Amino acid sequence: MQLGTRWAVGGDAPARLSPDVVAAIRAVEGELLGYDTTLWRWTLTWLEGRPVVELDDGTIIRVTHDGAVTIENGDTPR
């Protein structure tokens, strides 16, 4: 696993993320409208060359081996 970076909810996602991953991030952030997320951060790591993006609330966005983007909130995929 390789550590990437952290950034605030609503901030610019790292440029090296694919448009599909950025769209998933924006979709999750859209679900958070109305909540105070001023202290929440995304954390980007790389596992086997694929991005894993985790939000402070436990939401995880992954790119699978076949290129699909998944969003998981705890044990329940969105």
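The values are calculated or read from the model by the stated rules, or taken from the named source; none is laboratory data. The model shown is predicted, which means the values in this text are computed figures rather than measured ones. Here the Cβ is made from the backbone with ideal geometry for all residues, glycine too, and neighbour counts use every protein chain on show. The accessibility values were calculated without ligands, DNA or RNA, using every heavy atom of the protein model including side chains. Shrake-Rupley method; radii C 1.70, N 1.55, O 1.52, S 1.80 Å.
Please pick out the residue among 44, 39, 33 that is open to solvent by less than 80 Å² (accessible area, probe 1.4 Å) and closer than 18 Å to residue 8 by Cβ. Give the derivation first.
Values: 39 fails: open to solvent by less than 80 Å² (accessible area, probe 1.4 Å); 33 fails: open to solvent by less than 80 Å² (accessible area, probe 1.4 Å).
44 is the lone residue from the list that is open to solvent by less than 80 Å² (accessible area, probe 1.4 Å) and closer than 18 Å to residue 8 by Cβ.
Across the stretch 69-78, the number of residues qualifying as assigned to a strand (DSSP E or B) and either surrounded by 11 or more Cβ atoms within 10 Å (Cβ to Cβ) or touching a Cys at 6+ places or on another chain (Cβ under 8 Å) (or both) comes to 5.
Residues checked against (1) among the aliphatic types (A, V, I, L, M); (2) at pLDDT below 95:
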residue: 13; (1), (2): yes, no
residue: 25; (1), (2): yes, no
residue: 47; (1), (2): yes, yes
residue: 52; (1), (2): yes, no
residue: 57; (1), (2): no, yes
residue: 62; (1), (2): no, no
residue: 76; (1), (2): no, yes
